[in-house]
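The values are calculated or read from the model by the stated rules, or taken from the named source; none is laboratory data. All figures in this text were calculated on a predicted structure; none of them were measured in a lab. A quick note on method: Cβ atoms are made from the backbone with ideal geometry, for glycine too, and the neighbour counts reach across all protein chains shown.
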Amino acid sequence: MAKDIVIFGNTDIARLACHYFRTDSDKTVAAFCVDDEWCKASSFCDLPLVPFSRIEEYPADRFDMFVAMGYGGLNSSRKSVFLRLEGMGYGFASYISSRATVLNGGRIGRNAFIMEDNTIQPFSEIGDDVVMWSGNHIGHDSRIGSHCFLTSHVVVSGYVEIGDQCFLGVNSALRDGVKVGARSIVGAGSLILSDLPEGSVCIERGAKLLPMDSSEFLSSGFVI
């Protein structure tokens, strides 16, 4: 029998997770939980919001957890909560959108949050506690490490390896065979063509403004 879920978090990502579980899964969200210092109300999304000091009201033999947190501290905050709850014996729910294309035989770890329009190709693998916002492409034979956060429209080509706790920004792209070391930041719009060592930061700072207006550009013969 499937266990009900307690969502850890009370921010927008927790609200979204609750919505997705309610509308696109067979799982029931029973409550929310946060650390005591962040528990300023008794409810969230019309469900109980309990401080962590009272988590025993939702024991591990009856409830699974879902850690709904962002990429703060390069995913270290979410990882810390995940490991704390794991140490207490909790299992973890995952949300995988019914509108995602998952072709890797379900090789997706615990506490996954995979939204609509993601494509996960055969022979790829995704670790624990990975967030994939909408519209990403994970190429065949690639591996996404644990505690990573992929925003939207990220292209991961085939045979790519991404280490733990990485962040990939909107519209970033990684060519085939690239290895990205753990705790790396790949900023929005970045194109990665070679390996990145652990702790790398790659930021595309925006498109170049040309010294001409659009009519001059079109008349110059450039192809858009």
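Side notes on the structure shown:
- Any hit, the stretch 106-114, residues being surrounded by 19 or more Cβ atoms within 10 Å (Cβ to Cβ), outside the structural domain of Leu168 (by TED's automatic domain parsing) and of a type outside the set (D, E, K, R): no
- One residue from Tyr90, Tyr95, Tyr71 being of a type in the set (Phe, Trp, Tyr), surrounded by 15 or more Cβ atoms within 10 Å (Cβ to Cβ) and closer than 21 Å to Val180 by Cα: Tyr71
- Test for Lys40: is it among the basic types (Lys, Arg), more than 19 Å from the chain's Cα centre (by Cα), surrounded by 13 or more Cβ atoms within 10 Å (Cβ to Cβ) and assigned to a loop (DSSP other than H, G, I, E, B): no
- Residue count for the stretch 181-195 under the criterion of being more than 23 Å from Phe82 (Cα to Cα) and touching an Asp or Glu at 6+ places or on another chain (Cβ under 8 Å): the result is 5.
- Beta carbons closer than 8 Å, at least 6 apart along the sequence or on distinct chains, pair a first residue in the stretch 64-91 that is at pLDDT 95 or above and in a helix (DSSP H, G or I) with a second that is among the acidic types (Asp, Glu) and surrounded by fewer than 21 Cβ atoms within 10 Å (Cβ to Cβ) for Phe82/Asp128.
- Applying the condition of being in contact with a His (Cβ under 7 Å, 6 or more places away or on another chain) and in a loop (DSSP other than H, G, I, E, B) to the stretch 131-160 and asking which residue is surrounded by the most Cβ atoms within 10 Å (Cβ to Cβ) yields Asn136.
- Of the residues making up the stretch 92-107, those that are closer than 18 Å to Ala2 by Cα, assigned to a loop (DSSP other than H, G, I, E, B) and of a type in the set (A, V, I, L, M, F, W, C) number 1.
- Of everything listed in (1) within 27 Å of Gly169 (Cβ to Cβ); (2) touching a Lys or Arg at 6+ places or on another chain (Cβ under 8 Å), the single unmet condition for Cys45 is (1).
- From the list Lys3, Lys79, Lys27, the lone residue that is over 22 Å from Phe149 (Cα atoms), under 22 Å from the mean Cα position of the chain (by Cα), surrounded by 17 or more Cβ atoms within 10 Å (Cβ to Cβ) and basic (Lys, Arg) is Lys27.
- Among the residues of the stretch 163-194, those identified as assigned to a strand (DSSP E or B) and without any contact (Cβ under 8 Å) to a residue 60 or more places away in the chain are Leu168, Ala173, Leu174, Lys179, Val180, Val186, Leu191, Ile192.
- Checklist (1) touching a residue at least 40 places away in the same chain (Cβ under 8 Å); (2) within 12 Å of the chain's Cα centre (by Cα); (3) over 27 Å from Pro197 (Cα atoms) applied to Ser98, failing item: (2)
- Scanning the stretch 14-24 for residues that are more than 17 Å from Pro48 (Cα to Cα) and surrounded by 14 or more Cβ atoms within 10 Å (Cβ to Cβ) yields a count of 2.
- Residue that is surrounded by the fewest Cβ atoms within 10 Å (Cβ to Cβ), among those in the stretch 43-63 that are on the phi < 0 side of the Ramachandran plot and part of a loop (DSSP other than H, G, I, E, B): Asp61
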